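*Asks:* Below you will find the structure I want to go over with you.
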Amino acid sequence: LETIVNEYEIKPHNTYNIDEVGFLLGLGQSERVLEVIRNPRESGQLKYRVQNGTWEFVTVIEGVCADGTILNPTIILKAEEFIAEWFKKVKGVPEDILFGRSHNGWTDEKMARKYLERNFDSNSITAQKAAGEYRLLLFDGHSSHVNIGFLEFCVSQKIIPYCL
């Protein structure tokens, strides 16, 4: 990593880290769900508990710059269809959040690419801050980040992708 930072003269204000995090949202008490948990205090021993309710999975893709700048998040809901305008009418929802959908609420290549384009294309705040300099993008090895489309976009925008 140090070699890349030095070779491309990447400054902290051009260094970004993105990640995805998933949430289970409870939607009622119509059924009982068996949940497997790992207890680190007991050498990772598996435990089981029964939860009331049904659950939906929601993913948030988030990012931050080494200078503290927070990137626009993407929230991915489980849905076959929805209209983005619905979310603009909800009080308290910031306009900079991108809402997306997938069949299971998880991120996929399409949603990761939308997130990337929204935060790193030539008209983005990150591109304006870079002013033609290289940017470094740190991410985990999730399959939505490690694919040709994602990596080609990075190269086209002078972004050095780095899988942690």
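Any read-out appearing in this document is the output of simple, stated calculations on the displayed coordinates, not a laboratory observation. All values reported here derive from a predicted model rather than from experimental measurement. Don't worry about glycine lacking a Cβ; one is built from the backbone with ideal geometry, like all the others, and counts go over all protein chains shown.
*Asks:* Mind sorting F150, F82, F139 by how few other Cβ atoms lie within 10 Å of their own Cβ, fewest first?
*Replies:* Numbers: F150 19, F82 12, F139 23.
Listing F150, F82, F139 from fewest to most nearby Cβ atoms yields F82, F150, F139.
*Asks:* At a Förster distance of 22 Å, what's the computed FRET efficiency of Q128 paired with Y162, Cβ-Cβ distance as r, to 0.05?
*Replies:* E between Q128 and Y162, to the nearest 0.05, is 0.50.
*Asks:* Give the calculated FRET efficiency between V21 and V90 to the nearest 0.05, with a Förster radius of 22 Å applied to their Cβ-Cβ distance.
*Replies:* On the way: r = 21 Å, r/R0 = 0.96.
The computed FRET efficiency comes out at 0.55.
*Asks:* Past the 26 Å Cα-Cα mark, which pairs from K88/K110; K11/K91; K114/K158; K110/K158; K78/K129; K78/K158? Walk me through the intermediate numbers first.
*Replies:* Details: K88/K110 22 Å; K11/K91 38 Å; K114/K158 17 Å; K110/K158 21 Å; K78/K129 34 Å; K78/K158 33 Å.
In this structure, K11/K91; K78/K129; K78/K158 lie more than 26 Å apart at Cα.
*Asks:* Please identify every one of the trypsin sites (Lys or Arg not before Pro) in segment 91-157 that sits in a loop by DSSP and has no more than 14 other beta carbons within 10 Å of its own beta carbon.
*Replies:* K91
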